[in-house]
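Everything on this sheet refers to the single structure shown next.
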Amino acid sequence: KQEGRNTYRLYRAEMHVKDHQQLALETALRNTVESGEGLEVHYQPLVERDSGEVHGAEALLRWSPPGFGAVSPGEFIPLAERSGLIIPLGQRLMRLVAAQLRAWRVAGLAPPRVAINLSARQFWQDDLVEQVRALFEEFDLPSGLIGFELTESVLLDHQQQAVAILEALRGFGCHLAIDDFGTGYSSLSYLQDLPLTTLKIDRRFVQRLVGEDSRGSAAIVAAVTGLARELGLRVVAEGVETEAQRQALSRYPVDLLQGYLTGRPVDAAGFERRWLRALVA
Ligand code: C2E
Ligand code: CA
Ligand code: CA
Ligand code: CA
């Protein structure tokens, strides 16, 4: 009995430490949202499978708040969502990306399209479309230079309203990708009903294409890529890490590869060095 009580106390103490850390992290995030300090955008190339050319990039947030060291997006994005800070954080990210694209263009470089992740809360902001319109205008970006990635769960509720928002974004030339495809549990019909351009196959399927239990994944990848092709969607394979996975993917109609094999997420300077070429007039 005595031991049980101690365990309980220990548990309480751990909970307390955890709560305290969460709170400190949330405070740090609040500061970052205001100052921009410790926030950086990394860019990961999306490479054309057949030519090896860079076709786009995904913007991925990196956060190292003073006094904490790097915190992974898997940790701070959910925190940002719970606390509502994802809204101002996302707005900061959009401006950082737009400013970077502008800077590259002014320097005579030809940046590819950059895709920004939007969580549900961000997608359903009343003025999202207006924010995006203003972004293209303020930074004088050509149509379609910024696009968005959304997960299935974002789009399933209120499909009618989702269509209206997606169509407005398509009006700016934005590419719209369905992210982590296959990890949700939805019907497929929305793929037909929504004005999407791109389907990103989740990395779990790519990674299981090679190895012991590859048959199930192979069947899924075959079906999904076939379906996407029929619907006129561009297909991206996410999380390609090995040559064997690239080989396995060559059997299916996949347009673009994204993963450590073709290029890790890197900061803007690194992306520029490795992936950008001069604009040819
Ligand atoms: P995601 O949208 O699925 O982004 C792809 C994640 O896979 C990134 O993780 C990327 O670094 C990682 N990755 C890329 N290639 C490979 C690979 O070959 N192997 C493996 N194992 N992983 C690979 P990251 O940067 O840690 O981001 C995690 C998640 O956090 C993202 O998943 C996205 O859902 C979210 N996230 C990141 N930045 C933002 C953002 O600016 N806004 C929002 N709303 N979410 C973001
Ligand atoms: Ca994504
Ligand atoms: Ca993804
Ligand atoms: Ca993911």
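Need one number: nm distance between label points at THR183 and HIS158, each 7 Å from Cα along Cα→Cβ, rounded to one decimal.
2.3 nm
Mean separation of Cα pairs under 8 Å and 6+ residues apart, divided by the residue count of the range 154-276: what relative contact order is that in percent?
Relative contact order for the range 154-276 comes out at 20 percent.
Indicate, rounded to the nearest 5 percent, the antiparallel portion of the DSSP beta bridges found entirely in the range 1-153. Please report the intermediate quantities before stating the final value.
On the way: 10 of 18 bridges.
Taking every DSSP beta bridge within the range 1-153, about 55 percent pair in antiparallel fashion.
If you average the C-alpha positions of the range 180-213 and of the range 245-261 separately, how far apart do those two centres end up, in angstrom?
14 Å
Binning every alpha carbon pair distance of the range 206-281 at 5 Å from zero, what are the percents per bin?
3, 14, 21, 19, 15, 11, 9, 5, 1, 0, 0
Quick one: Cα centre-to-centre distance for the range 127-161 and the range 217-237, in angstrom?
If we compute the Cα centre of each part, the gap is 24 Å.
How many nm separate the modelled label positions at SER51 and THR27, each set 7 Å beyond the Cα in the direction of the Cβ?
So the two model labels end up 5.2 nm from each other.
So for the range 91-167, averaging the separation of alpha carbon pairs under 8 Å that are six or more residues apart and normalising by length, what relative contact order in percent results?
The normalised contact order for the range 91-167 reaches 39 percent.
Counting only DSSP beta bridges with both residues in the chain, what percent are antiparallel, rounded to the nearest 5?
40 percent
For the range 159-221, what are the per-bin percents of Cα-Cα distances with bins 5 Å wide, up to the bin holding the maximum?
The calculated distribution, bin by bin, is 4, 16, 21, 20, 15, 10, 7, 5, 2.
For THR197 and ARG121, calculate 0.36 nm times their separation in residues minus their Cα-Cα distance, and state this gained length in nm to one decimal.
25.2 nm
For ARG215 and GLU138, FRET efficiency with R0 = 41 Å and r from the beta-carbon atoms, rounded to 0.05?
For R0 = 41 Å, the calculated efficiency reads 0.20.
Counting residues in the chain as N, plug N into 2.2 N^0.38 Å and put the Cα Rg over that result. Show your work: numbers first, answer last.
On the way: Rg = 20.6 Å, N = 281, 2.2 N^0.38 = 18.7 Å.
Normalised by 2.2 N^0.38 Å, the Cα Rg of the chain equals 1.10.
Averaging the inverse of every distinct alpha carbon separation and then flipping it gives the Kirkwood radius. What is it for the range 12-88, in angstrom units?
Computed over Cα pairs of the range 12-88, the Kirkwood hydrodynamic radius comes out at 14.2 Å.
What is the distance, in nm, between label points placed 7 Å from the Cα along the Cα-to-Cβ direction at ALA269 and at ARG229?
With each label point 7 Å from Cα toward Cβ, the separation is 4.4 nm.
Got the relative contact order for the range 60-201 handy, in percent, Cα pairs under 8 Å and 6 or more residues apart?
19 percent
With Rg and the Kirkwood Rh both taken from Cα atoms, where does Rg over Rh land for the range 138-281?
Rg/Rh for the range 138-281 comes to 1.00.
Each reported figure results from applying straightforward, stated rules to the coordinates on display, with no laboratory input. Keep in mind it's a predicted model, so treat the numbers as computed, not measured. Cβ: placed from backbone, ideal geometry, glycine included. Neighbour counts: every protein chain shown.
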